[in-house]
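Have a look at the structure below, then the notes.
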Amino acid sequence: MQDEHGRAGPGHNGYSREVTLSRLRLRVLPLKVLLNNNIESLNLDRNKLKYLNGISNLCNLKKLILSKNNIADFPEEIRNLVHLERLDLNQNQIRVIPEGVFSCFPKLKHLRLNNNRLDNLPKDLVACSSTLQYLNLSNNLFQTIPLVVLELTNLQEFYVQNNVLQQLPMMLFQKLPLKMFKVSGNPLRQPPYEVCAGGIRQIISYFNQLQQCQGKEDKRVKTMFLGASLAGKSTICKSLQQRQIVHMSKEERTVGIEISECHIQGFTFLFWDFAGQLEYYMTHHMFITPQALVILAIDFQQYQLNNDSFEELVGFWINNLLMRVPNSVVLPVGTHIDACAVEEVEAKKEDITFKIQALLEERKTNVAHLIANLEDNEESEFFVDQWNRLKEMENCTLTILDLVPINCMDYQAIKSLEGTILEHVKNEEIFPNVIQVLPPIYKEVEAAIVEIVQKNEEVAEHGK
């Protein structure tokens, strides 16, 4: 039981062993708490703490929760807590952890450092190698997996989502007894994100294949063509693929999804041409995946300078991308400009650009508001999944490139669009994981699947 101040009931000697002081806007630790060295669990979640002066008095502490405070400098005052088994410092502003702290925690099992600004870990974390089972480094600034992690020989759960990792070390999976590993939201090249999504066994298989044969770089871009019906998606798609203007009649418009492949200057573009009719859109989310290039075709002839037109031809598609794949890149392409005056094209381009920016700002504000509401909820522990999902949305930015108006019936305009696409996909800041390292067997299996599809017309393109 807890009293009206949130403190747990007393132990056999009249002092609380578990104390909860969440959401009290504390800036210093209460003296009454510091005098109770019988405490084994202290929850200081969601306060205003920057420092922990006096906490070293709590020498019997086993569990310390400091989530969502204002801690920027790692609290070295906790060195004396030699019985600590769980330490939660997530959602602060910590940039550096000094050496000589973790060597004081020979019993540490659970460590949460997610949602800080860390890019490295101290070498003395190895002192916890035989005990540490859970480590969360998600939502930080790690470019590589710290070497000390490879020495945590009892680590079973490791979370490192939403950092800037391009490569995972093979030893991570050969030396550690991992049962749970999450790495989504990183610009991975080796192994590719799709391999990691298959789980630990798939990752181990990937590295085993690399050990047998040298991996090869594969430059691949999944390219999705979205937009309202008859906006010109298929014309652009097929003209890029066939290197000539392809006239598409109304009767030839896409039904469902058409998939094709296009090779341009060493890059393999996997074109997914989505039908624009709303009745087909209900199934599109099954095929829309993260880290893709989305070409959003906007019919300038139909577009009017009002909110309804923007919502129908632009906003609807961007809002759905924000829900499904918020870390993709969108290239808006204005089509049918040959039916518009020059000044009309410029006015529509400016209007769309302004409203897209306003839409993104509104979404950012709404997500921040929802997060704040959950954090202020007295029963927020019941909404952890929703909070995590919102934080992921907050950290993902839908990149909207400069709008390109083109005349789809002018091949020079198509060639110019091709050049613009190449310029963007070669930019590692925009597409950091276009280049992936694959074992040769992956390409061999892919070629075999394509051959089967070509020989058996009953196999659907979606199946391939």
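Relative contact order of the chain, taken over Cα pairs closer than 8 Å and 6 or more residues apart, is 10 percent. Assuming a ≥ b ≥ c are the square roots of the Cα gyration tensor eigenvalues, decide whether the stretch 301-341 counts as rounded (a/c under 1.5), prolate (otherwise, with a/b larger than b/c) or oblate. Cα axes put the stretch 301-341 in the oblate bin. Listed peptides 309-322, 292-305 appear in the order 292-305, 309-322 once ranked by packing, highest mean of other Cβ atoms within 10 Å at the front. Placing R0 at 41 angstrom, the Cβ-Cβ distance between I371 and R201 gives a FRET efficiency of 0.75 after rounding to 0.05. Kindly express, to the nearest 10 degrees and within the range 0 to 90, the angle between helix 440-455's C-alpha long axis and the longest C-alpha principal axis of the chain. That helix lies at roughly 40 degrees to the long axis.
Cβ-Cβ distance of N388 and M409, R₀ of 35 Å, FRET efficiency by 1/(1 + (r/R0)^6): the value works out to about 0.15. If you plug the beta carbon distance of D402 and N433 into 1/(1 + (r/R0)^6) with R0 = 25 Å, you get a FRET efficiency near 0.70.
Straight-line reach from K222: taking Cα to Cα under 24 Å and skipping same-chain neighbours fewer than 8 places apart, the lysines in range are K182, K233, K238, K415, K426, K443, K464. Solvent exposure of the chain amounts to 50 Å² per residue of accessible area, where only protein heavy atoms count and the probe is 1.4 Å. So, in Å, what gap is there between the alpha-carbon centers of the stretch 298-333 and the stretch 114-150? With the stretch 298-333 and the stretch 114-150 each reduced to a Cα centre, they are spaced 40 Å. Summing +1 for each Lys or Arg and -1 for each Asp or Glu, what net charge is found among the other residues whose Cβ lies under 15 Å from the Cβ of V28? Charge balance near V28 sits at +4.
Computed from backbone phi with θ = phi - 60° and the Karplus coefficients 6.51, -1.76 and 1.60, the 3J(HN,Hα) list for the stretch 134-144 is 10, 9, 10, 10, 4, 6, 10, 10, 6, 8, 9 Hz; x is used for glycine and proline. Straight-line reach from K68: taking Cα to Cα under 21 Å and skipping same-chain neighbours fewer than 8 places apart, the lysines in range are K48, K50, K109, K364, K391.
On the chain, 49 percent of the accessible area sits on carbon and sulfur atoms, based on a 1.4 Å probe. Dimensions of the chain along the principal axes, based on C-alpha atoms and rounded to the nearest Å, stand at 85, 57, 36, largest first. Would the stretch 170-219 count as rounded, prolate or oblate if I go by the C-alpha gyration tensor, calling it rounded below 1.5 in a/c and otherwise prolate when a/b exceeds b/c, oblate otherwise? It is oblate, given that a/c is not under 1.5 and a/b is not larger than b/c.
The values are calculated or read from the model by the stated rules, or taken from the named source; none is laboratory data. Keep in mind that what you see is a predicted model, and the values were worked out from it rather than measured. Methodologically, a virtual Cβ is constructed for each residue, glycine included, from the backbone with ideal geometry; neighbour enumeration extends over all protein chains shown. In case anyone asks, the SASA skips ligands and DNA or RNA and just uses the protein heavy atoms, side chains included. Shrake-Rupley method; radii C 1.70, N 1.55, O 1.52, S 1.80 Å.
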